[in-house]
1. Could you please give the count of residues in segment B:291-312 that are among the β-branched types (Val, Ile, Thr), more than 7 Å from chain A (Cβ to nearest Cβ) and buried (at least 20 other Cβ atoms within 10 Å of the Cβ)?
2. Looking at (1) closer than 26 Å to residue B:347 by Cα; (2) in contact (Cβ under 8 Å) with a residue 12 or more places away in the chain; (3) part of a helix (DSSP H, G or I), can you tell me which one residue B:165 breaks?
3. In contact (Cβ under 8 Å) with a residue 24 or more places away in the chain, in a helix (DSSP H, G or I), of a type outside the set (S, T, N, Q) and not assigned by TED's automatic domain parsing to the domain that holds residue B:323: does that describe residue B:112?
4. Among all residue pairs at least 6 apart or on different chains, which show Cβ distances below 8 Å where the first residue, located in segment B:26-47, is closer than 19 Å to residue B:61 by Cβ and surrounded by 10 or more Cβ atoms within 10 Å (Cβ to Cβ) and the second is among the aliphatic types (A, V, I, L, M) and modelled with pLDDT under 80?
5. Considering each residue of segment A:10-44, count those that are over 25 Å from residue A:221 (Cβ atoms) and not aliphatic (A, V, I, L, M), and give that number.
6. Looking at A:24, A:6, A:47, can you tell me which residue is in contact (Cβ under 8 Å) with a residue 60 or more places away in the chain and in contact with a Phe, Trp or Tyr (Cβ under 9 Å, 6 or more places away or on another chain)?
7. Just to be sure I understand, how many residues within segment B:350-390 are more than 20 Å from residue B:337 (Cβ to Cβ) and either surrounded by 13 or more Cβ atoms within 10 Å (Cβ to Cβ) or not assigned by TED's automatic domain parsing to the domain that holds residue B:274 (or both)?
8. Can you spot a residue in segment B:287-297 that is in contact (Cβ under 8 Å) with a residue 24 or more places away in the chain, touching a helix residue (DSSP H, G or I) at 6+ places or on another chain (Cβ under 6 Å) and not aliphatic (A, V, I, L, M)?
Amino acid sequence: MTQPALAVSNLTMDFGGLRALDTLNLTVGQKEIVALIGPNGAGKTTLFNCITGIYVPTKGGVDLTSLNGETHRLNGLTPDRVTAKGMARTFQNIRLFQNMTVLENVMIGRHCRIKTGIPGAVFRPPKTIREEKQVIEDSYKILEQFRLHAYVDEFAKNLPYGAQRRLEIARAMATEPFLLLLDEPAAGMNAQETNELDDLIIWLRETYAISILLIEHDMKLVMSLSDRIYVVDYGRKIAEGTPEEVSQNPDVIKAYLGEEVDA
Amino acid sequence: MSDIVRDKGLFSWEEVKKSLLACVWFMFLTFPIMVIQVNTIHRTVEWKWDRMVFVGVGAFLLSFVWRYMIRRKEAGIKQKEADADNVKTLPQKLITDPKFSRPALAIVGVFFIVYPLLFSLYQIDIMTTALIYVVVALGLNIVIGLAGLLDLGYVAFFAVGAYCYALLNYHFGMGFWICLPIGGALGFIFGVLLGFPVLRLRGDYLAIVTLGFGEIIRLILENWNEFSFGPSGIANIPRPGLFGIEMSLSQNLTYIYYLMILLTLFTIFVVRRLQDSRIGRAWMALREDEIACQAMGINKTRTKLSAFALGATWAGMGGVVFAAKTTFINPASFTIWESVIILCCVVLGGMGSIVGVIAGALILKLLPEYFRAFSEYRMLAFGAVLVLMMVFRPGGIISDVRKVYKFEK
């Protein structure tokens, strides 16, 4: 059996006396879409921050395995190293580089896959010129794939909301991840935009052969997208399984879904 | 929204009323000091009502003009929003339009080349000083304008460069041309040294720590007599030489002038290339959003340190030239005030914009020299200009026109 793309084992995160995550176990298989749900303050974003290196977990391990079987332990790595290992993320509140153009935003995503240093930047040997040209071309291709090429020279802050969300995913994909973490990608979207997002995520998995872990409150989206769902509350996992299993689980209904279960 | 502004017009009864109110309020506030004059010799009280009239009229006019400008600005912003496009300001348009910028560049180039032939030694001297500030301000522009790190102790690196040349020359007799790269390298090293402790800081906290760093360097220079000769400074620093050719004072000053022109061109060249590179993009991303920038795989530590170090390099080199030009340095040349001036060059000129920073540095260093007759009011005018600039043109004289990456098929 192949290794899961992401394996979180016994992850614990304390903030002073507060235990935000309590011995949490979670796996994301290769090319699997896994959703993480739970009430507000359950520790979902904390988990994301532990996985991506923004927080250093108190206990437990995070392991990342690429499709060709290389495993990396992520604990204690800084966020940029984690990204270099092949994991990218988006943010709950959009964090684009507002005063940079759409193309530049994606070019930043290419940063960790190119090499030019200070001497290269100043002397511009042919290698650097080629690299820069390649970066612009690659970034434009990514924008085309995400249907954002019409905005290419627009400042990121001037984009409509849905396009900003898409740009954030495009920027993350520019780092060539094999695992993508999406933090509430549908937040603030209307029904039509959410449907488009649904298609986009499925398309992402098919095109790039990536695994996806997402946090989402929109149950309709979660139920239709995910292969498996994890439910957390107060930093503990209270249920896991396929969408059907989870939606029938009495603990989940009690803690979170309530009467929304058949919605 | 803009319709409302247009309907009411820029002058309205409402505005007059508000200005009248400000004027009455001012008359009331200044009444005790302006109107009541106690004559202590004759033991009488004089009532100078005429002054009250002046205050009132002055306050009314100032307030009215102020309001008018604010309203005009707001109308302008709304207009801009309505247009929804990236409206460029006039100087930006002129710079980006090659029809204007090419001849302008040629004229400026010729002007700077023939400058020493046209003007007196004094003029050459102040222009050289201004060019040193251009180089140093361009260095600070990397730190503040590109990477968004507010550094208030920048003059410390300038001092490092100046003392590097002065001391190396005093103890080992090393020449200017060897010391110039050493000064730059030492600036780089000190930039990294300062960078390490402030990696976690940003915004106000960073400003305070860098301010402290600048003061520490100055105090060390002032108090460590054995090392830096204390407040009396170091005199008789040789001017830069050229293959051992003997030069008169005026020739030498002209020589330093051309040397500064070359150094300025070199700085512009390097800073521009850095700005339009992978490193420059990383700096801008760091300025925009630190967390997102890390999540995109940019090493925060390395990016911050490189910004500090590369900025400080120019200050170090500027310091070496400064020491060689003035032939005398002491810690009084490197006070916090100098940091503030350099910072003002960057902010006033336009953060992140190379042309803007050059303009800012030239204006701030040259104008006070030409207006020596009004030197008592210099600070007053300086303060007023800063306030007005921040209100009406927060982007600086020539705000940033970045090279926008274009995709060509």
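The values are calculated or read from the model by the stated rules, or taken from the named source; none is laboratory data. Computed from a prediction, not measured in an experiment: that's the story for all the values here. Counting neighbours? That spans all protein chains shown, and the Cβs are built from the backbone with ideal geometry, glycine included.
1. Going through segment B:291-312 one residue at a time, the tally reaches 1.
2. (1)
3. Spelling it out, residue B:112 is indeed in contact (Cβ under 8 Å) with a residue 24 or more places away in the chain, in a helix (DSSP H, G or I), of a type outside the set (S, T, N, Q) and not assigned by TED's automatic domain parsing to the domain that holds residue B:323.
4. none
5. Count: 9.
6. When all the criteria are applied, what remains is A:24.
7. So the answer is 9.
8. No - not one qualifying residue is present in segment B:287-297.
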